[in-house]
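These notes are about the structure you will find just below.
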Amino acid sequence: MSAKSTKRGATGLRKAAAVAQLRSERELHAIIDTVLRLAKARGIPETEVHVEEVIDALTRFANNAIHQHVAEHGVVVSIRTVLNGRTARVTTNRLDEDAFRSALDDCLSLAASQPKDPLLLPMPGKQKYRNVQRFVPATTSVTAEERARAVKRTCEVAERSGQVAAGIFSTGQSQTLLGNSRGLFASYRQTQAEFSVTMQHGSATSWAKANSADARQVDPLALAITASEKAELAQNPIELAPGRYTVILEPAAVLDLVGFLFYDFSATAVRDKRSCLSARVGKPLFGRNITLSDDVYHPEQSGLPFDGEGLPRQRVLLVDRGIPKNLVYSQRSAKLAHKKNTGHSFALPNEFGEAPMNLVLAGGNSSVPEMIASTDRGLLVTRLWYIREVDPYEKIMTGMTRDGLFLVEKGKVGSAVRNFRFNQSVLEMLRNVELLGSSHRATAEESFEMVVPPMKIGNFQFSEVTKF
Amino acid sequence: MWDYCGHSLETARLRGARYADVRVMHMRQRDLTTKNGQVGTLGQSESIGLGIRVIANGAWGFASTDQLTREGVASCAAQAVAIAKASALAKKEAVQLAPEETYVDSWQGPCQKDPFEIPLETQLDLLLAADAAMRKVKGVTLAETDLQFRKIDSWFASSSGSKIHQRRVTSGCGIAATCFKGDAIQKRSYPNSFGGQHILGGYELVESLELLKHAPLIAEEAVALHDAAQCPEMIGTLILGGSQLGLQIHESVGHPIELDRVLGQEANFAGTSFLTLDKLNHLQYASPIVNVVADARISHGPGLGSFAYDDEGVPAQCIDIIKGGAFRGYLSSRETAHLVGLNRSGGTVRTEGWNRLPMIRMTNVSILPGTWTPEHLIADTDDGVFMETNRSWSIDDRRYQFQFSTEIAWEIRGGKKVRMLKNPSYSGITTEFWNSCDAICNADHWVLWGTPNCGKGQPMQTMGTGHGAAPARFRNVKIGTAFSNE
């Protein structure tokens, strides 16, 4: 190591002390302009460029101590070309002109290897987008030390109760720019903060999690206390026989089950006859208290307000009072179905078409305490785990309860209960919803974030019990 | 690349790191799919960058960058040290690493035919022909095909002096036919579901699979399943095909033996494990005929868990996991080895890419072959169900209770396959299930299956794992629960 490089290292250390920040939009826009210029010089008639920059940091803890602590920063450029009715995509994280030229050559070579696609549509031109503000500067300044101190306070909550804490505290920011040779340009940036904690009290566990664009809205200490109190209640579980129970699903459990429906609302999935909505759109399928939308503009939602082709996402009413009313579309699926495009395409080319990514399930007037008070005998479910599809058309899902299952008797929460495996049709479940609470952003591990209410549901099927 | 590695390690040392290791990785990927006669995905990607892991003040820090300049990697190393020092604010004990020799080596995995050199037209022609062969069968509503290729070069260096370059090429290939009819969707896949078979190797995999021969067969089965009898609900004898047994091993042996899970490090996400430390060398995990190893050596086969060195610079090893039915070993790392009395890591730490922290992952967790042939196994079974090709999988967060369903099953009566069954499923408790194993087929029927999509960690990492398996028989298994309506 030379003295010179040591000096450079000192520069690096000063930079490391600050939290990395996103490049300017102008800098990333210049990448798009460069690629489009190089493509034009090659005579490529249509070119699309996605640029995505991600800065993320995550502090991970277990056994009341930090055991992993990471940070990443990267930029990815993804290029799609169209020539003679053929398209392909090449992605790189090398940001020099040679890399872009090479990517364009590879794109053309890939595309030329396939038959002409008669259904390939022209890239869209300039669009108008609604302004969505989800970039919170306060989130971008959270340091590794601040996350570590929050974790330390969480571990202290655990230790005071004789418990063991595990979880994560992450903060990050990202920006996405999309431009094409027909003049379309879209950009979006957002921040995110997330805290998740599992408290272990002997062999009992419980869990709490929240995320938001605004780190100030995520309260690690409050979540730690919630999980800690619940873990204490989760001790000494009793074993109940499997069977059909009334359940009160907390929002994370609702999210994870309803979230598995998201691709069923894809027009391409219905056309391919792999959706549970095949031959069911327009017919009563759920209870009249079920209304579901896709709405990227909802104040508690997150994500890009444009799709993989750069088209503005539309708000779509998917289920109206129990009846599947509408699907979501890309340019291609809309043309095939003679419908209006809703701006839900995945990046092209792909075989899956499109999907709603911002589900909002309308809530009701009840609350979890009211649901408990109204229940003579049932189960309160904190969270579900390892959910997989058993039957794609009846939408039977299997999975486990996890981190806090409680017996509700005569309107009160009683003993903890050993975890169950469920085999439950989501379609049937949404016909058996008795009460809904108010809808809020929920986060879990099996589905992406959604806005959902807690639910009281009758006849939920548990098929087997495990050993804890 | 070595210059970037060396510069980042030196920067980490100067900033106060007691130990550091660094990986520069260049990852290339190609994905091709077809659907109903049209090309679906047609894409290629590359990603190159550096990730450095350090111990400072007795705690870990990790940072990654795609800025491959001397200033960029120095800044990244300094950030990793700063993160480690922040981690030390909430540490219990200083990190200890098991000793390991230093190695300077270069290794390349097996690859007879580089898939990136095979003309794309050849690859797409094959997929479109298989796609067409499936759609020729009346009743098929969806035909899908899939090719995936990856080429990963990694340059590993540690502050202990190791410098290891490895190149691994992996290939995956699969086809699937779906039939929607009435009120049901049935699907058959070849040679496995969820993307087919995956190996450490090249295009020779694709050529060996005979897609055009199998395409009409699975298409006919997908259609025929609609008229098949429902798999009964019963306690009975179960024979699993090799790929399904591979996934059974993955979920109910591979994950519970990960020492980081056992020690609670994954408690918030992937979960923990019923295999607490007191069970090592004391638990009768399985029946005496069951022997399971975690073998990363290339001599085990071209698996997704085969390599020369793991991402801590530890050479590939074979570890006994279950020997004669007894539980004998965990998957360990340099950090966790001493906790189970080992003086050396088992060499199982891997990373998804340059921007992810290496962690304990399955290598090739395989059941060793037995002595039976599938024909003898069926002939020896009076009453049972033979299930093939996974459809769904789920297991609790301590890996006790599982449920699997498969695409197809066959009823066995009087030593013969008598009829097709639809919607098959089975469930059980891990150790009860493995202790009920009474027959395993021989090496002629043993295949090293690749599972390309194993998720673990926060941020989530996806890793390929290998699972050698042959058809095997289990007694007194709960069958048909997934579709029970009681």
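Could you look through the stretch B:146-195, keep only residues that are among the aliphatic types (A, V, I, L, M) and surrounded by fewer than 22 Cβ atoms within 10 Å (Cβ to Cβ), and pick out the one that is nearest to B:Ser8 (Cα to Cα)?
Result: B:Ile152.
Search the stretch A:214-263 for residues being part of a helix (DSSP H, G or I) and of a type in the set (Lys, Arg), and hand back the single one that is farthest from B:Asn485 (Cα to Cα). Write out each step before concluding.
Keep residues of the stretch A:214-263 that are part of a helix (DSSP H, G or I), which gives A:215-217, A:220-233, A:251-263.
Filter once more, keeping what is of a type in the set (Lys, Arg): A:216, A:230.
Numbers: A:Arg216: 46, A:Lys230: 32 Å.
Ranking the candidates gives A:Arg216 first.
Is there any pair with a first residue in the stretch A:379-408 that is free of Cβ contacts under 8 Å to residues at least 12 places away in the same chain and part of a strand (DSSP E or B) and a second that is among the hydrophobic types (A, V, I, L, M, F, W, C) and surrounded by fewer than 23 Cβ atoms within 10 Å (Cβ to Cβ) whose Cβ atoms are under 8 Å apart and which are 6 or more apart or on different chains, and what are they?
A:Arg388/B:Trp393
Applying the selection to the stretch B:378-428, what residues are within 14 Å of another protein chain (Cβ to nearest Cβ) and surrounded by fewer than 19 Cβ atoms within 10 Å (Cβ to Cβ)?
Correct list: B:Lys422 only.
Quick one: count up the residues across the stretch A:112-126 that are in contact with a Leu (Cβ under 6 Å, 6 or more places away or on another chain) and surrounded by 15 or more Cβ atoms within 10 Å (Cβ to Cβ).
Of the residues in the stretch A:112-126, 3 are in contact with a Leu (Cβ under 6 Å, 6 or more places away or on another chain) and surrounded by 15 or more Cβ atoms within 10 Å (Cβ to Cβ).
Kindly check whether there is at least one residue in the stretch B:367-377 that is in contact with a helix residue (DSSP H, G or I) (Cβ under 7 Å, 6 or more places away or on another chain) and crowded, with 23+ Cβ neighbours inside 10 Å.
Yes, some residue in the stretch B:367-377 is in contact with a helix residue (DSSP H, G or I) (Cβ under 7 Å, 6 or more places away or on another chain) and crowded, with 23+ Cβ neighbours inside 10 Å.
Which residue is nearest to B:Ile185 (Cα to Cα), if the candidates are limited to the stretch B:127-145 and must be crowded, with 21+ Cβ neighbours inside 10 Å and away from chain A (no Cβ under 12 Å)?
It comes out as B:Met134.
Conditions first: (1) over 22 Å from the mean Cα position of the chain (by Cα); (2) assigned to a strand (DSSP E or B); (3) closer than 23 Å to A:Arg23 by Cα. A:Ala165 passes all but one, so which condition is the exception?
A:Ala165 satisfies every listed condition except (3).
Among the residues of the stretch A:442-456, is any within 14 Å of chain B (Cβ to nearest Cβ), of a type in the set (S, T, N, Q) and part of a loop (DSSP other than H, G, I, E, B)?
Looking through the stretch A:442-456, at least one residue is within 14 Å of chain B (Cβ to nearest Cβ), of a type in the set (S, T, N, Q) and part of a loop (DSSP other than H, G, I, E, B).
Yes or no, residue by residue, for (1) in contact with a helix residue (DSSP H, G or I) (Cβ under 6 Å, 6 or more places away or on another chain); (2) in contact (Cβ under 8 Å) with a residue 24 or more places away in the chain; (3) within 19 Å of B:Arg28 (Cα to Cα); (4) basic (Lys, Arg):
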{"position": "B:Ile52", "(1), (2), (3), (4)": "yes, yes, no, no"}
{"position": "B:Ala84", "(1), (2), (3), (4)": "no, yes, no, no"}
{"position": "B:Leu89", "(1), (2), (3), (4)": "yes, no, no, no"}
{"position": "B:Glu93", "(1), (2), (3), (4)": "no, yes, no, no"}
{"position": "B:Val104", "(1), (2), (3), (4)": "no, yes, no, no"}
{"position": "B:Asp114", "(1), (2), (3), (4)": "no, yes, yes, no"}
{"position": "B:Leu142", "(1), (2), (3), (4)": "no, yes, no, no"}
{"position": "B:Phe149", "(1), (2), (3), (4)": "no, yes, yes, no"}
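Within the stretch A:403-423, work out how many residues are crowded, with 24+ Cβ neighbours inside 10 Å and of a type outside the set (A, V, I, L, M, F, W, C).
5
Inspect the stretch A:181-191 for any residue being surrounded by fewer than 20 Cβ atoms within 10 Å (Cβ to Cβ), among the hydrophobic types (A, V, I, L, M, F, W, C) and farther than 20 Å from A:Gln68 by Cβ and give the result as yes or no.
yes
Among the listed residues B:Gly305, B:Gly301, identify the single one that is within 25 Å of B:Leu339 (Cβ to Cβ), modelled with pLDDT of 95 or more and either away from chain A (no Cβ under 14 Å) or more than 18 Å from the chain's Cα centre (by Cα) (or both).
B:Gly305
Just to be sure I understand the filter: pairs with C-beta atoms under 9 Å, separated by 6 or more residues or on different chains, first member in the stretch A:123-134 and at negative phi, second member among the acidic types (Asp, Glu). Which pairs pass?
A:Met123/A:Glu46; A:Met123/A:Glu48; A:Met123/A:Glu309; A:Pro124/A:Glu309; A:Arg134/A:Asp214
Which of the residues that make up the stretch A:127-144 are part of a helix (DSSP H, G or I) and surrounded by fewer than 16 Cβ atoms within 10 Å (Cβ to Cβ)? Reasoning before the result, please.
Taking the stretch A:127-144 and keeping what is part of a helix (DSSP H, G or I), we get A:137-140, A:144.
A:Pro137, A:Ala138 - these are the residues of the stretch A:127-144 that are part of a helix (DSSP H, G or I) and surrounded by fewer than 16 Cβ atoms within 10 Å (Cβ to Cβ).
Quickly run through the stretch A:18-76 and pick out the residues that are surrounded by 21 or more Cβ atoms within 10 Å (Cβ to Cβ) and either among the aromatic types (Phe, Trp, Tyr) or out of contact with any strand residue (DSSP E or B) (no Cβ under 9 Å at 6 or more places or on another chain) (or both).
Answer for the stretch A:18-76, where residues must be surrounded by 21 or more Cβ atoms within 10 Å (Cβ to Cβ) and either among the aromatic types (Phe, Trp, Tyr) or out of contact with any strand residue (DSSP E or B) (no Cβ under 9 Å at 6 or more places or on another chain) (or both): just A:Phe61.
Determine whether the stretch B:328-341 contains at least one residue that is in a strand (DSSP E or B) and either surrounded by fewer than 24 Cβ atoms within 10 Å (Cβ to Cβ) or within 14 Å of another protein chain (Cβ to nearest Cβ) (or both).
Taking every residue of the stretch B:328-341 in turn, none turns out to be in a strand (DSSP E or B) and either surrounded by fewer than 24 Cβ atoms within 10 Å (Cβ to Cβ) or within 14 Å of another protein chain (Cβ to nearest Cβ) (or both).
Check A:Ala204 against each of (1) assigned by TED's automatic domain parsing to the domain that holds A:Arg60; (2) among the small types (Gly, Ala, Ser); (3) under 25 Å from the mean Cα position of the chain (by Cα) and name the one condition it does not meet.
Against the list (1) assigned by TED's automatic domain parsing to the domain that holds A:Arg60; (2) among the small types (Gly, Ala, Ser); (3) under 25 Å from the mean Cα position of the chain (by Cα), A:Ala204 comes up short only on (3).
Specify which of the listed residues (B:Val24, B:Val81, B:Val39) is in contact with a strand residue (DSSP E or B) (Cβ under 6 Å, 6 or more places away or on another chain) and either part of a strand (DSSP E or B) or small (Gly, Ala, Ser) (or both).
B:Val24
Could you grab me the full set of residues in the stretch B:224-244 that are under 29 Å from B:Lys138 (Cα atoms) and surrounded by fewer than 20 Cβ atoms within 10 Å (Cβ to Cβ)?
B:Ala224, B:His226, B:Asp227, B:Ala228, B:Ala229, B:Gln230, B:Pro232, listed by residue number.
Please give the number of the condition A:Val360 fails out of (1) surrounded by 23 or more Cβ atoms within 10 Å (Cβ to Cβ); (2) in a loop (DSSP other than H, G, I, E, B).
(2)
Step by step: first the residues of the stretch B:51-83, then only those that are out of contact with any Asp or Glu (no Cβ under 9 Å at 6 or more places or on another chain), more than 7 Å from chain A (Cβ to nearest Cβ) and small (Gly, Ala, Ser), then the one that is nearest to A:Val54 (Cα to Cα). Which residue is that?
Among those residues, the one meeting the criterion is B:Ala80.
Show the residue pairs that are 6+ apart or on different chains and have beta-carbon atoms under 7 Å apart, the first residue being within the stretch B:431-452 and aliphatic (A, V, I, L, M), the second being part of a helix (DSSP H, G or I) and at pLDDT 95 or above.
Final answer for the pair search is B:Ala439/B:Leu377; B:Val447/B:Gly242.
Report, by residue number, each residue of the stretch A:393-416 that is of a type in the set (Val, Ile, Thr) and within 14 Å of chain B (Cβ to nearest Cβ).
Answer for the stretch A:393-416, where residues must be of a type in the set (Val, Ile, Thr) and within 14 Å of chain B (Cβ to nearest Cβ): A:Ile396, A:Thr398, A:Thr401.
Find all pairs meeting these conditions: Cβ atoms under 8 angstrom apart; at least six residues apart or on different chains; first residue within the stretch A:77-90 and more than 15 Å from B:Leu120 (Cβ to Cβ); second residue part of a strand (DSSP E or B) and at pLDDT below 95.
That search, which allows pairs on different chains as well, returns nothing.
The values are calculated or read from the model by the stated rules, or taken from the named source; none is laboratory data. Note that the structure is predicted; figures quoted are calculated from it, not measured. Please note: Cβ atoms are built from the backbone with ideal geometry, for glycine as well, and neighbour counts cover all protein chains shown.
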